[in-house]
1. Of all residues in region 102-115 being in contact with a Gly (Cβ under 9 Å, 6 or more places away or on another chain) and part of a helix (DSSP H, G or I), which is farthest from CYS149 (Cα to Cα)?
2. For region 193-211, which residues satisfy the criterion of being in a loop (DSSP other than H, G, I, E, B) and touching a helix residue (DSSP H, G or I) at 6+ places or on another chain (Cβ under 8 Å)?
3. Out of all the residues in region 304-320, which are touching a Ser or Thr at 6+ places or on another chain (Cβ under 8 Å) and surrounded by fewer than 21 Cβ atoms within 10 Å (Cβ to Cβ)?
4. Out of (1) surrounded by 17 or more Cβ atoms within 10 Å (Cβ to Cβ); (2) not in a loop (DSSP other than H, G, I, E, B), what's the single condition that is false for ALA323?
5. Go through region 278-330 and report how many residues are without any contact (Cβ under 8 Å) to a residue 40 or more places away in the chain and charged (D, E, K, R).
6. Pairs please, first residue from region 251-268 and farther than 20 Å from ASN170 by Cα and not assigned by TED's automatic domain parsing to the domain that holds GLU401, second anywhere and buried (at least 22 other Cβ atoms within 10 Å of the Cβ) and modelled with pLDDT of 95 or more, Cβ atoms under 9 Å, 6+ apart in sequence or on different chains.
7. Being of a type in the set (Phe, Trp, Tyr) and assigned by TED's automatic domain parsing to the domain that holds TRP281, is that true of even one residue in region 141-156?
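The values are calculated or read from the model by the stated rules, or taken from the named source; none is laboratory data. Being a predicted model, the structure only gives us computed values, none of them experimental. With ideal geometry, Cβ positions are generated from the backbone for all residues, glycine too; neighbour counts draw on all protein chains shown.
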Amino acid sequence: MKKAIALLAAITMVVGSLAGCGESGSDSSTETGNAEQTSDSTSGDASGKTEITFWHYMSEDKEGKYVNEAVDEFNNSQDKIHVTAQYLPREELMKQYTIGVVSGELPDCGMVDNPDHNSYASMGVFEDITELYDSWEDANFMEGSINSCYYDEKLYGLPWGNNCLGLFYNKELLDAAGVEVPTTWSELEDACEKLTTDSCRGLAISAIGNEEGTFQYMPWLLSSGGDVNDLTSNGSKESMSYLYSLIEKGYVSKECVNWTQADIEKQFASGQAAMMINGPWQFSGLEADAPDLDYGVAKVPKADDGEYASVLGGENVAICSGANVEAGWTFLTWITSKEKSQEICKSIGRFSPRSDVDLQEMFADDPLNAVFAEVMPSAQSRGPSPDWPEISAAIYTAQQEVFSGQKDVDTAMVDAQAKIDELNAE
């Protein structure tokens, strides 16, 4: 029943997408990119090989070049399969999956943000690879990572690269204020009080109204003992109240409801925030924006009576419905093998989801990434649930309502819980 409802929703989204394109009067290929605007990995002679396509959303000027290098290496490593890598911006790629499940025009393999995997699997976008996985001798993934690929007790993909969140701090500003790196919520609030000035906030977070906002909120929710399925619990409300108190006191900018994680990197790099919550994918941005900045990374501070918590981010890869399953499986198991996973993930600022890769050893010479490597094995997934996009929307909407002063914490959390309860009842 759920799958039928999801497919009906997909059809509705397709109609809306097509109507929007027709009325906009703009060239969508120049604004957001589309399946025709691609970057092909075509080195070597593809003649006589089985041709398959791989859609991804890794930006060409950053991680995408390493994706293309890996695809080229695969193409040159054997003489049976040729993969063409195609880049689409993330939102466009997700829309094309929704359209493709109706039209039948899907790639052979594709990338998906791990919290969205269940949703697209429930629509029928991805192939069931349970039997292939069960017979794969090299299968060895962290529990949280592989669980994000399961839907209705069947496997619809493989983990590809993981990340999580940490606390970035400006060493010079903390030293000047006589502040130790905070480890608890009380310590963080005290640090923010000493670090906040007319030109600098103590902490920068992203509370934007999309998945990034939910992603950033999750460590606080989990550390307080809260739960996405029980937003009215004391722990859940405590986490939201705590963050709102930082905004009320001026330690966190009210503009956080409009900031992406890339935006808060700019705040931190420019010295307008002494600390920020962000992930290892921002290292390259900080190197470009503030090459002389002396900063460190620590775990996200925990609730005073709670535990350290972080949330699983990153990407999965899957074989799409109606694709060449044999060729797709050969490619996916190659790029997620122990050797390739470690190599590719390190190059693109991700952590291997494989349990047979020693993350501490992998980043032994990198103290910044070593912090994330320590957190990674216990990072919790968002969901997994085919309803995660709607659950996430309920959470980030509540956060926006509270932080902007539209609703008090109790009202916003009760309203969000009602939306989630309705989803769970379907």
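1. Going through the qualifying residues, I end up with PRO115.
2. Across region 193-211, the qualifying residues are CYS200, ILE205, SER206, ALA207, ILE208, GLY209, ASN210.
3. Selection gives ASP304, GLY306, GLU307, TYR308.
4. With (1) surrounded by 17 or more Cβ atoms within 10 Å (Cβ to Cβ); (2) not in a loop (DSSP other than H, G, I, E, B) applied to ALA323, the lone miss is (2).
5. Residues meeting the conditions: 5.
6. none
7. Within region 141-156, not a single residue is of a type in the set (Phe, Trp, Tyr) and assigned by TED's automatic domain parsing to the domain that holds TRP281.
Results for (1) in contact with a Gly (Cβ under 9 Å, 6 or more places away or on another chain); (2) assigned to a helix (DSSP H, G or I); (3) not assigned by TED's automatic domain parsing to the domain that holds SER241, shown as yes or no for each residue.
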| site | (1), (2), (3) |
| --- | --- |
| ASP365 | no, no, yes |
| VAL371 | yes, yes, yes |
| ALA398 | no, yes, no |
| LYS407 | no, no, no |
| ASP410 | no, yes, no |
| VAL414 | no, yes, no |
| GLN417 | no, yes, no |
